[in-house]
Amino acid sequence: MASEDALDRALAAARTYIASRTERPVWPRTPLADLRAAFDIPLPSDPVDPCVVVDELSRAADRGVVTTTGPRYFGFVTGGALPATVAAEWLTTAWDQNGALFVMSPAAAVAEDVAGQWLLDVLGLPRQSSVGFVTGCHMANFTALAAARHEVLRRAGWDVEAEGLHGAPPITVVVGDEVHVSAVAALRYLGFGTRHIVRVAADDQGRMRPDALAAALDRAAGSVIVCAQAGNVNTGAFDPFDAIADLAEKRGAWLHVDGAFGLWAGASETLRHLVRGVDRADSWATDAHKWLNVPYDSGLVFVAHPAAHRAAMSVAAAYLTRSADEPREPMDWVPESSRRARGFVVYAALRSLGRSGLADLVERCCRLARRFADRLREEPSIRILNDVVLNQVLVRVEPASGDADAATRAALKRVQEERVCWLGGTRWHGMEAMRISVSNWSTTDEDIDRSAESIIRAVRPLSAQSISP
Ligand SMILES: Cc1ncc(COP(=O)(O)O)c(C=O)c1O
C-alpha cells in the first residue's frame, strides 16, 4: 500500500477531528479500560498495512484525545494550533529534516534564523540576541541558565564547561517566591541545588518585591543570577522588570526572565507596558506552543550574549560538519543535536498572523479572560482571586456556609464532568481555586459565555448546600 494512501487517511481523519473541535466534549467520555483495550493488542508479528495502522490508531486515539485545540479548553496554559501551523507541521514531518546542522537542512536552518529575527522584533528584545529552538519553556529556562552560569563564572575567571562546579567561585541564584517549577528544575540540572536557591518575597499577585530582592542582593555572596518572571502561571502577573533590572545591573548580576506566555505581551502595543524593562535582561525563555498557538512542542530561548549562549551549548566532533557558508548552526544554541526542524512552524505561525494578527490574538485572549471574570463575578458565591491583568483567571467558590476549599474542588469536578469546557485546579495563597487560561486563537465571546454558564451551573447547587471538607 502506497504511503500516500496512509496520508490520505490521516488527512481525512484530521479534517473530521478539526471540524468537530468546537462541539465534541472537551474531555473524552470513554472509560480508561476501554481506551486501553483499544490500544492494547498483541504486538503484530508481521507488518500491517499503513492505512490500517492509521485508521485504527485514529479510531483508538479519538476515544482518549482531549480537545485542547478547541475553543473551550482553558487548562494549564495551552495554545491551539493555528491552521497554517498544522499544515506546516505536516510538511515538516514529510520532509523529516534533522534541524541540527545547516548541512543537514539548509532550509530548516534558514527558516529558523529568519523566524528568530522576527521573534526578537515582535517581542521587543535586543536584536543582537541569539535564539534557540527547544522543546518548551522548561528547556528554554535550562538553556538560558546554562548560558548565565557560563558567563558569571567566566567573569570570575572560571571555565565551567571544563572544570564543572568542583571548587568553582560561589554563585548566588535569586528567584521570586512564585518562581515556576521549571526554572527551579533547570537550576537543579545545572548543579545549583534547590536548597541553595535564595527565594525572595512576592506580593499578593505573585510579583517579586524589589525591596526583598535588594535585601537579598546585599547579602549575596559571589556572582549572582536573578530569575524574574513575565506571567505568573496562576495570576498572569508580571515582575517589575525596570526595578529588578536596576538592582541586577548595580550588583553586576545576570538577569533571566521566564516568560513562558507573558513575554508575548510585548507583541501588543496596549499590553507592552506590562513588560516594560524586560529588554534589559540578559536572557529570556518562552514558548511558542502556548500563546503563539503552534502545535507541541515548541519552546524558545533568547540570550543577549551570544558567545555565552554558544559556549554553554555547542559541541564539536569531527563528523559534525559545519557549514562554510552559513555562520549560524542551529545546534549551537540548544541542548540537543538531532531534533525536529521546529523553525518551519514558528515561521508559518508568525507569517500567517503578521504583526497585527499576533497583537490581536494576545489582546483578544486578555479581553476574553476579563469577560470570563466579569460573567463569573455576577454569581454571589464566586470570588475572582487575582487581578485579571492578562489571560489568567483564578476562581474560588465561597458558599455562605461550609468549606470553600471543598466547594471549589466539587465545583471543578462538576465542570470537568459536564465537559462543556475544561479547566484545572490550583492552590493560591493557601486557597483552592479553579484556574482559567484563555490562550486559544479560536475562542469567541460565545465560548466564554457558554463556559461561564457551565461553571455557574456547577457552583449554584453547592452554594445552596453546606459543604464539608
Ligand atoms: C512561567 C512558566 N514557565 C515555564 C513553564 C514550562 O513550560 P513548558 O511546559 O512549555 O516547558 C510554564 C508552563 O506553564 C510557565 O507557566
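Every number here is computed from the coordinates shown, using simple stated rules; none is lab data. Not measured: the values here are computed from a predicted model. A quick note on method: Cβ atoms are made from the backbone with ideal geometry, for glycine too, and the neighbour counts reach across all protein chains shown.
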(request) Count the DSSP beta bridges whose two residues both fall in the chain, then state the antiparallel fraction as a percent rounded to the nearest 5. (result) 60
(request) Would you calculate the separation in nanometres between label points at Arg276 and Tyr189, each defined as 7 Å from the Cα along the Cα-to-beta-carbon direction? (result) 3.5
(message) Across the stretch 215-304, what fraction of all alpha-carbon pairs, as a whole percent, falls in each successive 5 Å bin from zero upward?
(response) 3, 14, 24, 23, 17, 11, 5, 3, 0
(request) Subtract the Cα-Cα distance of Ser356 and Asp218 from 0.36 nm times their separation in residues, and report this length gain in nm to one decimal. (result) 45.3 nm
(message) Going by amide H atoms built from the backbone, whose H comes under 5 Å of the H on Ala100, apart from near neighbours?
(response) Arg339
(request) Enter the Cα centre distance for the pair the stretch 407-469 and the stretch 236-267, rounded to the nearest angstrom. (result) 31
(request) Give the Cα extents of the stretch 352-415 along the principal axes, in whole Å, largest first. (result) 50, 20, 15
(message) Given R₀ = 30 Å, what would the calculated FRET efficiency be for Leu57 paired with Ser338, taking r from the Cβ atoms and rounding to 0.05?
(response) 0.75
(request) Pick out, in residue order, every one of the trypsin sites (Lys or Arg not before Pro) in the stretch 122-218 that is DSSP loop and has at most 16 other C-beta atoms within 10 Å; say none if there are none. (result) Arg127
(request) Find how many whole Å separate the alpha carbon centroid of the stretch 332-385 from the alpha carbon centroid of the stretch 120-154. (result) 20
(message) I want to verify the translational diffusion coefficient of the stretch 148-218 in µm²/s; compute it with Stokes-Einstein, Rh as the Kirkwood radius over Cα pairs, at 4 °C and 1.567 mPa s.
(response) 98
(message) Among the complete DSSP H segments of the chain, which ones combine at least 20 Å of alpha-carbon extent along their axis with a mean Kyte-Doolittle hydropathy of -1.0 or more?
(response) 3-20, 106-123, 137-155, 343-377, 404-418, 445-464
(request) Jot down the radius of gyration and Dmax of the stretch 326-384, Cα atoms only, both in angstrom. (result) 19.9, 62
(request) Provide Rg over Rh for the stretch 263-378; use the alpha carbon set for both Rg and the Kirkwood Rh (inverse mean inverse pair distance). (result) 1.07
(message) Suppose the chain between Trp95 and His196 were pulled fully straight at 0.36 nm per residue; how much longer would it get relative to their current alpha carbon spacing?
(response) 31.8 nm
(request) Using only the Cα atoms of the stretch 46-118, construct the convex hull and provide its projected area averaged over every direction, in square nanometres to one decimal. (result) 8.1
(request) Please work out the FRET efficiency for the pair Asp159 and Asp5, using the Cβ-Cβ distance as r and a Förster radius of 60 Å; give the result to the nearest 0.05. (result) 0.60
(message) As an exercise, use a Förster radius of 22 Å and the Cβ-Cβ distance of Val65 and Ile41 to find the FRET efficiency, rounded to the nearest 0.05.
(response) 0.70
(message) Modelling each spin label as a point 7 Å along the Cα-to-Cβ direction, I'd like the Ala316/Glu378 distance in nm, to one decimal.
(response) 6.7
(request) Please label the shape of the stretch 101-241 as rounded, prolate or oblate, based on the square roots a ≥ b ≥ c of the eigenvalues of the alpha-carbon gyration tensor (a/c under 1.5 means rounded; beyond that, a/b larger than b/c means prolate, else oblate). (result) oblate
(request) Evaluate the distance, in nm, between pseudo-label points positioned 7 Å from the Cα of Ser323 and of Asp246 along their respective Cα→Cβ axes. (result) 4.4
(message) Using the alpha carbons of the chain, what is the convex hull volume per residue in cubic angstrom, as a whole number?
(response) 173
(request) Return the calculated 222 nm mean residue ellipticity for the chain, to the nearest 500 deg cm²/dmol, obtained by summing -39500 (n - 2.57) across DSSP H runs with n ≥ 4 and dividing by the residue count. (result) -14000 deg cm²/dmol
(message) Which of the three applies to the stretch 343-463, rounded, prolate or oblate, going by the alpha-carbon gyration tensor with a ≥ b ≥ c and a/c under 1.5 meaning rounded?
(response) prolate
(request) Filter the GluC sites (Glu not before Pro) in the stretch 355-464 down to the DSSP loop ones having no more than 10 other Cβ atoms within 10 Å, then list what survives. (result) Glu378
